[in-house]
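J.: Quick one: structure below, then a few questions.
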Amino acid sequence: MFVKPFFSKMLLGVIILLGVGSCDSRFDVDAVLSQYIMDLSRSSSLSFPTVAIAMPESLPSSRHRRQALSQFDIGLLDFLSLQQCDVGIVAGKKNSILGKVMPDSQRFLYELDIIRAIESCDIQNDELSKELQYVAQQKRVELPIAFGNAIFNGVESEAFFSLSNGFLPLNYSTALQQEMLSALNRLLVIGENLAALPVIDAHVFESDLKILMDSEYAGRLLYSLTQMTGYLNQVSRQIGGLDEGVCGAPMRYLKQQFEANYVQIIQPYMGRVNASAYQVLPLINRLAVSSAPLSGDMQGFMRQFSVADSVWLRYQQASQMHAKHWSALFDVCSISLQTR
């Protein structure tokens, strides 16, 4: 007999129902992963203790993301003398009521405009010319920071990196992210060519930030990888502790659950997530590099998206260990890995 008491099954069943019965599909994957644990737990050979799965690091607050930019202030006489070129016009927009509260995305576009205006203006006053050239040089140095503020500090980034949106959907595929990939690539063209002072269509720029916001991708990916890592590690610890004593009827039952839950549902989902992440993670990391130096808190947060470290690496290790322990158990019991 390898079935555990009814209470254990009922408790895990409640967890599944809570996931499936939610008002949206954000946690359907959690229901699938919980079902995997529940079905395996029916075996008397396995015992799954309650384990709290660690959450990834959340996006830092705005004040720990935004970095200060130098202010460009000119006196009234200088302002009047600059009306003959674009410097006065651009500076005037920044000093307006709306200009003083412009969001980071608009501030970045302003920084580009004021640098272009200064460098293209023929200023006769030598003292004013030197002052403005210094301002332009300083703002060129700060352009990656202004770009980083635009990308990582707006309401768009809060949605893009939010962990509260749950898993990537169970049916997620790379076909669903083409618009986001296009937006990321357009933003990268800007970020990796700041020295050339790219001319940017403000509407397209703002639209691309909204595409990232609507996708909610980065936070969902981070959440999905962390949760799957926790579930896979739970199974690995249990399966890794079994020996030939489980061969026979108990092993046949375990193999059925492995195939029904992991091979048929979870593994294909992981494959889709992997294919998606391999496309997106390098772009997110390149955006971070083009925005360097980020604040210390943001650097720590963004390290979670590194393909060579942190969350992604732990997920890959968990996936490999899960497969290794199942394979070893099948070998011990002389059971073929080939499924129906």
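The values are calculated or read from the model by the stated rules, or taken from the named source; none is laboratory data. Since the model is a prediction, treat every value here as computed from it, not as a measurement. All Cβ positions, glycine included, derive from the backbone under ideal geometry; neighbour counts span all protein chains shown. With ligands, DNA and RNA removed, areas are computed over all heavy atoms of the protein, side chains included. Shrake-Rupley method; radii C 1.70, N 1.55, O 1.52, S 1.80 Å.
J.: For the stretch 128-157, what are the residues that are under 15 Å from Met302 (Cβ atoms) and assigned to a helix (DSSP H, G or I)? Show your work before the answer.
T.: The initial filter retains those residues of the stretch 128-157 that are under 15 Å from Met302 (Cβ atoms), namely 144-145, 147-149, 151-153, 157.
Correct list: Pro144, Ile145, Phe147, Gly148, Asn149, Ile151, Phe152, Ser157.
J.: Here is a further query. For the stretch 267-280, what are the residues that are surrounded by 21 or more Cβ atoms within 10 Å (Cβ to Cβ) and of a type in the set (Gly, Ala, Ser)?
T.: Within the stretch 267-280, Ser276, Ala277 meet the criteria.
J.: Look at the stretch 286-311 and say how many of its residues are open to solvent by less than 50 Å² (accessible area, probe 1.4 Å) and in contact with an Asp or Glu (Cβ under 8 Å, 6 or more places away or on another chain).
T.: Of the residues in that region, 4 qualify.
J.: Right, here's the next one. Only one of these is among the polar types (S, T, N, Q) and under 15 Å from Phe72 (Cβ atoms): Ser129, Ser162. Name it. Before you say what the answer is, go through the steps one by one.
T.: Details: Ser162 fails: under 15 Å from Phe72 (Cβ atoms).
Ser129 is the lone residue from the list that is among the polar types (S, T, N, Q) and under 15 Å from Phe72 (Cβ atoms).
J.: If you scan the stretch 158-168, which residues turn out to be open to solvent by 40 Å² or more (accessible area, probe 1.4 Å) and either more than 28 Å from Ser62 (Cβ to Cβ) or assigned to a loop (DSSP other than H, G, I, E, B) (or both)?
T.: Here is the first cut: in the stretch 158-168, the ones open to solvent by 40 Å² or more (accessible area, probe 1.4 Å) are 158, 164.
Answer for the stretch 158-168, where residues must be open to solvent by 40 Å² or more (accessible area, probe 1.4 Å) and either more than 28 Å from Ser62 (Cβ to Cβ) or assigned to a loop (DSSP other than H, G, I, E, B) (or both): just Ser164.
J.: Which residue out of Glu179, Glu111 is at pLDDT 95 or above and among the charged types (D, E, K, R)? So that I can check it myself, show each step before the final result.
T.: Values: Glu111 fails: at pLDDT 95 or above.
On inspection, the qualifying residue turns out to be Glu179.
J.: Enumerate the pairs (first residue in the stretch 263-274 and closer than 17 Å to Thr174 by Cβ; second residue anywhere and open to solvent by 10 Å² or more (accessible area, probe 1.4 Å) and assigned to a helix (DSSP H, G or I)) with beta-carbon separation below 8 Å, excluding pairs fewer than 6 apart on the same chain, so at least 6 apart or on different chains.
T.: Tyr269/Val32; Met270/Ser319; Arg272/Thr174
J.: Are there any pairs with C-beta distances below 8 angstrom linking a residue in the stretch 279-290 that is under 17 Å from Leu59 (Cα atoms) and assigned by the TED database to the domain that holds Arg303 to a residue that is at pLDDT 95 or above and of a type in the set (Val, Ile, Thr), with the two at least 6 apart or on different chains, and if so which?
T.: Here the result reads Leu287/Ile151, each pair linking the stretch 279-290 to a residue that is at pLDDT 95 or above and of a type in the set (Val, Ile, Thr).
J.: If you don't mind, there's one more thing I want to ask. Pairs needed: first member in the stretch 303-316, closer than 17 Å to Ser58 by Cβ; second member anywhere, of a type outside the set (Ser, Thr, Tyr) and in a loop (DSSP other than H, G, I, E, B); C-beta distance under 8 Å; at least 6 residues apart or different chains.
T.: So the pair list comes out as Arg303/Asp309; Gln304/Pro56; Gln304/Glu57; Val311/Pro56.
J.: Of the residues Gln133, Gln177, Gln106, only one is without any contact (Cβ under 8 Å) to a residue 60 or more places away in the chain and in contact with a helix residue (DSSP H, G or I) (Cβ under 9 Å, 6 or more places away or on another chain); which? Working first, answer last.
T.: Values: Gln177 fails: without any contact (Cβ under 8 Å) to a residue 60 or more places away in the chain; Gln106 fails: without any contact (Cβ under 8 Å) to a residue 60 or more places away in the chain.
Among Gln133, Gln177, Gln106, only Gln133 is without any contact (Cβ under 8 Å) to a residue 60 or more places away in the chain and in contact with a helix residue (DSSP H, G or I) (Cβ under 9 Å, 6 or more places away or on another chain).
J.: Output the residue which, of all residues in the stretch 124-157 that are modelled with pLDDT of 95 or more and aliphatic (A, V, I, L, M), is surrounded by the fewest Cβ atoms within 10 Å (Cβ to Cβ).
T.: Val141
J.: Looking only at the stretch 236-257, count how many residues are open to solvent by less than 20 Å² (accessible area, probe 1.4 Å) and either more than 17 Å from Cys333 (Cβ to Cβ) or touching a helix residue (DSSP H, G or I) at 6+ places or on another chain (Cβ under 6 Å) (or both). Explain how you work it out, then say what you get.
T.: Residues of the stretch 236-257 open to solvent by less than 20 Å² (accessible area, probe 1.4 Å): 236, 239, 246, 251, 254.
When the remaining residues are screened for being either more than 17 Å from Cys333 (Cβ to Cβ) or touching a helix residue (DSSP H, G or I) at 6+ places or on another chain (Cβ under 6 Å) (or both), the result is 236, 239.
Adding up the residues that qualify gives 2.
J.: Mind checking whether some residue in the stretch 95-104 is among the charged types (D, E, K, R) and not in a helix (DSSP H, G or I)? Before the answer, list the steps.
T.: Residues of the stretch 95-104 among the charged types (D, E, K, R): 100, 104.
Now narrow it down to the ones that are not in a helix (DSSP H, G or I): none.
Checking the stretch 95-104: not a single residue is among the charged types (D, E, K, R) and not in a helix (DSSP H, G or I).
J.: Would you call Leu283 surrounded by 18 or more Cβ atoms within 10 Å (Cβ to Cβ), at pLDDT 95 or above and part of a helix (DSSP H, G or I)? Break it down into steps so the answer makes sense when it comes.
T.: Working: surrounded by 18 or more Cβ atoms within 10 Å (Cβ to Cβ): no; at pLDDT 95 or above: yes; part of a helix (DSSP H, G or I): yes.
The answer is no for Leu283.
J.: Condition first: touching a Ser or Thr at 6+ places or on another chain (Cβ under 8 Å), open to solvent by 30 Å² or more (accessible area, probe 1.4 Å) and aromatic (Phe, Trp, Tyr). Can you find one or more residues in the stretch 185-206 that meet it? Even if it seems obvious, please write down each step before you answer.
T.: Applying the first criterion (touching a Ser or Thr at 6+ places or on another chain (Cβ under 8 Å)) to the stretch 185-206 yields 188, 191-192, 194, 205-206.
Narrowing the set further to residues that are open to solvent by 30 Å² or more (accessible area, probe 1.4 Å) leaves 192, 206.
Restricting the remaining residues to those that are aromatic (Phe, Trp, Tyr) gives none.
No, the stretch 185-206 contains no residue that is touching a Ser or Thr at 6+ places or on another chain (Cβ under 8 Å), open to solvent by 30 Å² or more (accessible area, probe 1.4 Å) and aromatic (Phe, Trp, Tyr).
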